[in-house]
Amino acid sequence: MATEIVNNGASLKITTDGDARIILKSQIKDVNVLRDTIIKIDIGQGALNNVYVDQATVTNPASVSVEDLRDKILAMLQGSTAGLATEVKQDNEIATIQDLKVQVSDLQTKVGSVDNKLFFEPALIDENNPNTVYKGYALPGAKTNEAVWAIERITSKKGILSYQWAGGNKSFNKIWDNRAALIYS
């Protein structure tokens, strides 16, 4: 019968012959030597719920005596605030949440602006050439000389229509006034 006691931060994992038991450090009230090689880990819920460990069967952590094992278990309990809330941790979490709120707000703004630019109806259409039509998409009130347009070119060759976008994408960074000189794909 082999037993391992592992420090898992806010808990101890005690594994005996493959069966693991997790004990929260905050539950442990006392660790003491009962007799010979037996250590009792008191979790304050009565004798039947306490954990008893035989030092002779413990392979990890290695110990030279029952007192040495008890001291090693107690050392695992020291600084056991790893999983507990502290003011510093709470301040860090609050700062992280504030950063996330700013990022979510930025995303909402961007999504809102994209919603206004959805490709339902173009803001401008140029049909001056019988074989080429340009459609410009932008927010209402956008100036034609500003790089705030997504421009689509539709060409007709022998009855086949070809739909292409300036710069090969639907990004709102083209100038409508330059539509004829732009590269489409």
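Only the coordinates and a few stated rules stand behind these numbers; no lab work does. This is a predicted model, so every value here is computed, not measured. Counting neighbours? That spans all protein chains shown, and the Cβs are built from the backbone with ideal geometry, glycine included.
Evaluated at q = 0.18, 0.21 Å⁻¹, the base-10 log of the normalised Debye intensity for region 124-181, with identical point scatterers placed on the Cα atoms, takes the values -0.56, -0.74.
Cross-link partners of Lys13 among lysines, defined as those whose alpha carbon lies under 28 angstrom from its own and excluding same-chain residues fewer than eight positions apart: Lys25, Lys29, Lys40, Lys72, Lys89.
Gain on full extension, evaluated as 0.36 nm per residue between Leu34 and Ile22 minus their Cα-Cα distance, stands at 2.2 nm.
In order along region 98-103, phi translates into HN-Hα couplings of 4, 4, 5, 4, 5, 5 Hz, rounded to whole numbers, per the Karplus curve 6.51 cos²θ - 1.76 cosθ + 1.60 with θ = phi - 60° and x for Gly and Pro. Modelled this way, with points 7 Å down the Cα-to-C-beta line, the labels at Val6 and Asp99 are 3.0 nm from one another.
According to the square roots a ≥ b ≥ c of the eigenvalues of the Cα gyration tensor, what is the shape class of region 1-76, taking rounded for a/c under 1.5, prolate for a/b larger than b/c otherwise, and oblate for the remainder? Don't skip to the end; give the middle numbers.
On the way: a/c = 1.33, a/b = 1.15, b/c = 1.16.
Rounded, because the longest to shortest axis ratio a/c is under 1.5.
Descending by average beta-carbon neighbour count within 10 Å, the peptides 101-109, 151-159 line up as 151-159, 101-109, the highest first.
Other residues whose C-beta falls under 14 angstrom from the C-beta of Asp177 contribute a net charge of +1, scoring Lys and Arg +1 and Asp and Glu -1.
How high is the FRET efficiency from Glu146 to Thr109, r the C-beta distance, R0 30 Å, rounded to 0.05? Step by step, r from the Cβ atoms, then E = 0.95. In order along region 175-184, the phi-based Karplus estimate (6.51 cos²θ - 1.76 cosθ + 1.60, θ = phi - 60°) of 3J(HN,Hα) comes to 9, 4, 4, 9, 4, 6, 8, 6, 9, 10 Hz; Gly and Pro are listed as x.
The packing ranking of peptides 14-20, 40-46, 91-97, highest mean first, is 40-46, 14-20, 91-97, where packing means the average number of other beta carbon atoms within 10 angstrom of each residue. Asn129 sits among other residues whose Cβ lies under 15 Å from its own Cβ, and their net charge, with Lys and Arg +1 and Asp and Glu -1, is +1. Taking the alpha carbon gyration tensor of the chain, multiplying each eigenvalue by 5 and rooting it gives semi-axes of 75, 19, 12 Å, largest first. Straight-line cross-link reach from Lys101 at under 17 Å between alpha-carbon atoms covers these aspartates and glutamates, not counting any fewer than eight positions away in the same chain: Asp91, Glu93.
Let me check against my output: what whole-number percent is the relative contact order of the chain, with C-alpha pairs under 8 Å and at least 6 apart?
11
Each stretch of four or more DSSP H residues adds -39500 (n - 2.57); spread over every residue of the chain, this sum gives -8000 deg cm²/dmol at 222 nm.
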